[in-house]
Every structure is written in C-alpha cells, then in structure tokens.
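Okay, so here's the structure we're looking at.
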Amino acid sequence: MRTYAITVMATAMLAWSAGCASVETTAADKQMEKKIDKLLAKMTLEEKVGQMTQVTLEVVGGESSEDGWLKLDEKKLQDAIIAHQVGSILNCGGQARSVDNWLQIITQMQAMATKQTRLGIPIIYGIDAIHGANYTLGATIFPQHIAMAATGNVELVRIESEITALEVRASGMPWNFSPVLGLGRNPMWPRQWETFGEDAYISSVMAAAYVEGQQGSDISQPTKVAACMKHYLGYSVPLSGKDRTPAYIPERQLRQLFLKPFAAAAKAGVATVMVNSSEINGIPVHSDRFLLIDVLRGELGFEGFVVSDWADINNLYTREMVARYQRQAVKMAVMAGVDMSMVPYDYSFYEHLVDLVKTGEVPMSRIDEAVADILRVKFQLGLFEKPYPDKQLKEQFATDASRQANLQAAREAMTLLKNESGLLPLGKDKKVLVTGPCSNKLSILNGGWTITWQGDNEALYPQEKSTILEAIQDKVGASNVEYIEAVKFDKELDISRAVSAASRVDVIVACLGEPTYCETPGNIDDLMLSAPQIRLVQELAKTDKPIVMVFTQGRPRVIRTIVDNAGAILMAYLPGMEGGQAIADVLFGDANPSGKLPFTYPKYSGWHVCYDHKKSENAAPNKFDPQWEFGHGLSYTTFKYGDLRIDKNNISADDTLIVTVNVTNTGQREGAEIVQLFLSDIVATVTPPVKSLKRFTKIFLKPGEKQTVKFELSWDDFAFIGRQNKPVVEPGEFKISLGGLTKAFEIQ
Ligand code: BGC
C-alpha cells in the first residue's frame, strides 16, 4: 500500500473535513498486497504501462447491426488486449446495448484478457451510469442527480445507487464513472444537473450515500461496482460558465466548499477518482501534484486509483498549453499522480510512457505505484476469480420494485415553486390544453447520459413510458386534452392555434424548459429561457385561462418576465423515465410535492450569488434577490414549526449542541417536509457567509401529526477555514435558523 507523509496540518485538516479514513490492515489486505507484489514482480514494463492505458469501445468495436447489436472486431481487440495489454476499456460505442449484447462483449474481452495474455490480468470495464444503467437498454433510469438532491431523501439516493450498481453489474461491468461531486454554483455550466446542487453539505451527505450504495461494504459482492468520484476538483465553477474553461478558486474556498463532497466520498471508501478536465488558478488539474497527491492521498486518505478524463492528458499540450509535446504531457500527468489514462482512441500514451521509463525520465517506482493501485481495485472487485459477468443477475434487472423506487424518486423530486389560490392540484374533471416543446418527448425528461451521450435520440426511448402529455391524458382521458406544441425551443410554430384552443379548456399546462444536452454541447450564452417559449406564455396569458408552467430543465433558466403569468409553477428538473407520470401525479394530486430547490434560482442572468453568500452581497445598494431561494418548495399541506430549543446557550468549541424542533402537519393531506438547519457565525476573522446548511432530514407526516426532530452539532459544524487555510472555531455569537425560527448561542 502507498504510504504518504502526512503533515500535522494535513492530519488536522483530514480530521476536520473527512474523518480519518480507516488504516486498519486486515490479514486479507496483507494477502492481497502479497498477490499484487508477486504479480508486479512478474510484469514487464509494457505489461505495466498497458494496465495504465484505457481505450474506448470504438477502438475495438466493429459493426453495429440495425437493432444496435455490436460485434467486436477480433483483430482490433487482439491489438488492444494482447499487443498493448490495456488494463481498461470504456464507454458504449455510440448508444446503449442490450443486456445480452453487453454480456457477450464483456465475456469476449475477459476471455481474451485472462486466457490469451501471458499473465491473464482481467480488464476493468468502465461506464458512465450516471442516473441508472443508462447505457443498457431497458434499465431503470432515475432522475438526474440535481433532482435526487431536491428529494432531500438520502435513503432514496442510496437505493438509486444500489439499483444502478446491480443493473450495471448485470450488464457485466464492474466500474461506474459516477457520482459527479462538483458543486453546482454556476447555473450557466451545462453539467449543473449532474451535481447534487450548490450546497457542500447536501452534496457530501449524498456523495457518501451514493458511494455506499455502489460499493456496499465489499465491492467483490456480485451486485456491487467500483464507484468513481469526479471530477476532482473545482470543475463545476468555470468563470465563463462554459464547460472545460478555467476556474479561479482560492485555496480557502476550495477547502471550505469544493473539497468537502470528495472528502466525504473518500471517507466512504470510494475506489476510484476522475480528474477535472480543466484548470484551477491556471494549473490544469491533470498536472497538479499538490491536489492529486498531497491533498487527495495525503489529506483525504484516498487509496484507490486516479483516472484521467477523456483525452485530458493530450489536452495538456493541445488545449491547456502547459506542455509543448505529447510526450511531455504524458510525463507531466503521470508524475502528477494520474494512474490511468483515458487516452482514449490510440496507443500514443502507452508508447510515450514505455519510452519515458526506458530513458529514465519516469521512474519505475512511479509506474509500480500506479499499477499496484489499479491491480488492487481489480483484486478487490474479485475480477481475478470471477472475470466473467454473472448471468443470473439478469433476473434482477429492471424489476417492478426498481420501477416503483424510480417513480417514488421522481415524485419526491417535484418542487412546487408557486401555487396561487390553490390552483394545484387540478381536478380530474378538467379539460386541459397541453402546450410547449417539452410536452411530448421522453428525452426531455431524461437529459444527457440517456441511451446516447446527448440523450436526444427519441426513437431509442422505451415507448411504453409516458411523456407529460401521455400521463396527463391518462389522468383525464385523451378526449379532454388538446395538444398543440406551438413552439420549438428556437422557433415559433403556431402560437395562435394554442391561443384559440385555450378558449375550449379549463386550464393550460405549458411544458417548458431546455432541449436535451450533455457536457460542452450544452454551453449557452444567456441563461434566459428561449424567446419563443416566453412569447408563448405571454400570448396565452392574454386569455383568461389559468396557466400551470411545468419546467423540465437541467439548470434554472431565467423566467422573471413570465412568472406572474402563471398561477402555478412546477420545477421537475430532469426527472427520468418515470418523470411524465410523476409530473401528472403531482398536477392532479395523486402525489403531494415535497422537493426543495438544491440551488438558488436566479432572477437575472447577470446577478447570481448562492444562498451562502456574504453580507455585502445583500447590503444596499446590492440586493440578494433570487427568483426563489435555495430550499424553497411548497406542498399541498402546511407545516408549522414550533418550540425550537437548544440544550445550552453557552458552549465550548468541543461541546455538542443539541437542537430540537417540533414540526406539525397542520393541513388536510399527508405530506413530507425536508427540515433544514442553517447556522450563522455572526463575526469571524474571514468574512462569514450569511448562513450555511448544517443538517437536514426528511419527515413524513399525516394530517395533524407532530414530530420532534433532533439534530446534534459539534466542532466540525462550527469551524470554518481561517486565515491560515486551516479549520478554526472562533469564540463568539452563533445563530441557528430553522423553519423561520431562530436561536442564538455563544461559543466561549
Ligand atoms: C466526461 C466524463 C466521462 C468521460 C467518459 C468525459 O467527457 O467529462 O464525465 O466519465 O467522458 O465517458
């Protein structure tokens, strides 16, 4: 196992941010280390560098038949596995495959790797199963993680992750490039929906639950996979808002916010990490030894292996311009701590690295370290004993119970932003006009990483699932629904037809939002909702019919100019394959919405700060004036908070503070409430945020039912990253706020 010199400062940081990762070494661990050493001793330089090389499926894939069945090219496969001894292959070759096709593909690869190579080292196949096993046809496809964060239900995240792990493994693959742990603090960024939102605490709790769901206590179990936290670190807040452009994050803020979810996942034992494609403060992270070794390994105690992102070692010399030649880029990344290169199209990395070791520019000790880390994960996964997929798992693939869990997740994500005069829920006796570009597409509900990378191939979606339109037709009968698309995202079709149809119905449901996108193709120049959609609402508003706006979108598009036109607004995010039904369930009262915004919803394109902003960002003439605040979300019932108590008014920094509050369902319907506790440090030597979320829990209450919720806070919660970039707790006044109630206390 690697040993790193952990400084006193680093140890203190680790204890604060992650809790010490367990360093207990069991007899089984020792056995495994012996096996790794033995294998390493037998390996040639080429075999070692091969293990560090990852290529994409296209490199070994042949033809796809019309029904999407992919047949590997035996010759290309031999070139990868036998001639270049690659350690890993990834991706789906353009589109999702059937379980049977995956089983055949993985079996063929493993047979070649284990039987036709000198040492028989199995391949570790990696896939982006971001919201379910989205590259396997017919899988359970969950809401995207921004929506999972909105549920406020950590248990649901764990269940999502368990089902995903099972379905990925049932497809023969043992490694999942998920979860994304960047903080979605710049709504322009096209990967906002892959995050758990803007808050470091929610993201940390959900990161741990997700990793536990993927890996369980032991990744050799047949239904578990190795998770991959990504993209370490600071990828999510490009200053320009465009994907893969520079971020500028001071070390204090890196530690205060961005490191926390990664620390939580590392503490949960995550097996692998993928590196931020871009740069922080001018240093591309693929070349940053401080972040990849000192912080990741030394402070967070991460013990798995580090994989580059797509072509990002090459990007060091083609895009980031910190290396003049490819060879220099390879050396830079490997010496900075990258263990495996997602090359992904050729063997250039392999060739350069072999040569770099031969010429003594990269020491063999560094190669041994990287290969040992890769082999360890392969051993931990049990791939040496069981390289082949477990065919029995197919019976547990996409079961009805999984579908139910998915539907529950989609329902719990629904976030009711506005509901004037109780417009919602709608009666099932209503005549409805359904309009807008998001009304009748499954792809719109799912977003990127669904069946294809961009998620936009509607023809490949499972036709038995319901779009919003179809789900509404199921509620009120098709004859009571008029459907006029009226506009596309970027052009008007026939707004006047929609306006005249409005006269024949009781209510208008406008399905608005964003087209489907993923990564850089989702870059935008303006956060405003597209002009044709705005005009559609403005024209419909001239009729006297009530308007319900439903948003399916990956990031909060600015809608300030039409908010007043709607009686009700439902934020559905990207709710997944059961999203159509979940939306209709909420619209017609078969489910009570309970989601809360995991980000601050901006009112203006040019003025956005998160909920944990500084006081100066809300001091005249500046005004913190979002469209809706982080944590906003209405219900069809009402909750009353009362009797907020703390067990002490004066504590020392090492004390535990116990906070209790009573929450009562004062309405007529069963409902769920996410109880969120915020803490404010009133005066500090580093300007404090106005408040930070420290705890949350979701409770389910029948009408009239009351529950006492208890939270405990301690040193970690009172601490912030001080002027020396180390966590400190400073004496003084603190304030707790919870459900509109507050309590003050002093730390002495
Ligand atoms: C993305 C990663 C992903 C990788 C492999 C990259 O473009 O940034 O998140 O895991 O591709 O598909």
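The values are calculated or read from the model by the stated rules, or taken from the named source; none is laboratory data. No experiment lies behind these values; they were computed from the predicted model shown. Please note: Cβ atoms are built from the backbone with ideal geometry, for glycine as well, and neighbour counts cover all protein chains shown. Areas reflect the complete protein model, heavy atoms only, side chains present, ligands, DNA and RNA absent. Shrake-Rupley method; radii C 1.70, N 1.55, O 1.52, S 1.80 Å.
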Hey, what do the phi angles of the range 150-160 turn into as Karplus ³J(HN,Hα) couplings, whole Hz, using 6.51/-1.76/1.60 and θ = phi - 60°, x for Gly and Pro?
5, 5, x, 10, 5, 5, 5, 5, 4, 5, 3
Could you list which residues have their amide H under 5 Å from that of Y232, counting only those 5 or more apart in sequence or on another chain, with H placed in the peptide plane?
M274, V275, N276
Work out the FRET efficiency for K542 and S240 from their Cβ-Cβ distance, taking R0 = 35 Å, and round it to the nearest 0.05.
0.40
If the limit is 18 Å between Cα atoms, which of K431/K475; K48/K224; K331/K358; K115/K358 go over it?
K48/K224; K115/K358
Contour minus end-to-end for K743 and E33, with contour as 0.36 nm per residue of separation and end-to-end as the Cα-Cα distance?
250.3 nm
Cut-off under 17 Å on the C-alpha distance; same-chain residues fewer than 8 positions from K267 excluded. Which lysines are left, in chain and number order?
K230
Calculate one ³J(HN,Hα) per residue across the range 610-625 by plugging θ = phi - 60° into the Karplus curve 6.51 cos²θ - 1.76 cosθ + 1.60, and present them in order as whole Hz with x for glycine and proline.
7, 5, 9, 7, 8, 4, 4, 7, 9, 10, 3, x, 6, 9, 6, 9
Can you tell me the FRET efficiency between Y325 and D429 if r is taken as the Cβ-Cβ distance and R0 is 60 Å, rounded to the nearest 0.05?
0.25
Mind pulling the angle between the C-alpha long axis of helix 27-42 and the longest principal axis of the chain? Nearest 10 degrees, somewhere in 0 to 90.
50 degrees
Among T467, V507, C438, which residue has its Cα furthest toward the positive end of the charge dipole of the range 422-515, with +1 on Lys/Arg Cβ and -1 on Asp/Glu Cβ?
V507
Could you look at the range 214-319 and say what percent of its accessible area is carbon and sulfur, using a 1.4 Å probe and all protein chains?
52 percent
Within the accessible area of the range 100-200 (1.4 Å probe), percent carbon and sulfur
53 percent
Hey, with R₀ at 51 Å, roughly what FRET efficiency would D346 and K648 work out to, going by the Cβ-Cβ distance, to 0.05?
0.20
Report the extension gain between E66 and D100 in nm, rounded to one decimal, defined as 0.36 nm multiplied by the number of residues separating them, less their alpha carbon distance.
10.7 nm
The range 260-353 - charge dipole about Cα centre, Lys and Arg +1 at Cβ, Asp and Glu -1, debye rounded to 20
120 debye
Check cross-link reach from K706 to the aspartates and glutamates: straight Cα distance under 20 Å, and skip same-chain residues fewer than eight apart.
D643, E670, E673
Specify whether the C-alpha gyration tensor of the chain places it in the rounded, prolate or oblate class, a ≥ b ≥ c being the square roots of the eigenvalues: rounded for a/c under 1.5, otherwise prolate if a/b is larger than b/c and oblate if not.
oblate
Charge dipole (the range 61-184, unit charges on Cβ, about Cα centre) - positive-most of L183, T117, G132
T117
So if each residue of separation counts as 0.36 nm, and I subtract the Cα-Cα distance between K615 and V563, what length gain in nm does that give?
16.0 nm
Just tell me which aspartates and glutamates come within less than 19 Å, Cα to Cα, of K30; anything on the same chain fewer than 8 places away is out.
D218, E303, D368, E369, D373, E385
Taking the Cα centre of the chain as the origin, how large is its charge dipole in debye, to the nearest 20, when only Lys and Arg (+1) and Asp and Glu (-1) carry charge on their Cβ atoms?
720 debye
Calculated from DSSP H runs of 4 or more alone, at -39500 (n - 2.57) each and per residue, what is the 222 nm mean residue ellipticity of the chain, nearest 500?
-8500 deg cm²/dmol
In order over the range 286-295: 3J(HN,Hα) from phi, Karplus 6.51/-1.76/1.60, θ = phi - 60°, whole Hz, x for each Gly or Pro, gives 5, 10, 9, 5, 4, 6, 7, 10, 4, 7
Ranked from highest to lowest mean number of other Cβ atoms within 10 Å per residue, what is the order of the peptides 440-450, 729-739, 111-121, 582-592?
440-450, 582-592, 729-739, 111-121
Taking amide H positions as placed 1.01 Å from N in the peptide plane, with prolines and chain starts having none, which residues 5 or more places from R695, or on another chain, fall under 5 Å of its amide H?
L677
When the scattering of the range 533-653 is computed by the Debye formula from its Cα atoms alone, each counted once and equally, what is log10 I(q)/I(0) at q = 0.13 Å⁻¹?
-0.72
Expressed as a whole-number percentage, the relative contact order of the range 612-681 with C-alpha contacts under 8 angstrom and at least six residues apart is 30 percent
Over the chain, give the accessible area per residue in Å² for a 1.4 Å probe, as an integer.
36 Å²
Acute angle (nearest 10 degrees) that the helix 531-540 long axis makes with the longest principal axis of the chain, alpha-carbon atoms
20 degrees
For the peptides 136-147, 453-464, 475-486, what is the packing order when you average, over each peptide's residues, the other Cβ atoms within 10 Å and list the highest mean first?
136-147, 475-486, 453-464
Amide H contacts under 5 Å for V362, placed H, 5+ residues apart:
V357
Please report, as a whole percent, how much of the solvent-accessible surface of the range 554-626 comes from carbon and sulfur atoms (probe radius 1.4 Å).
46 percent
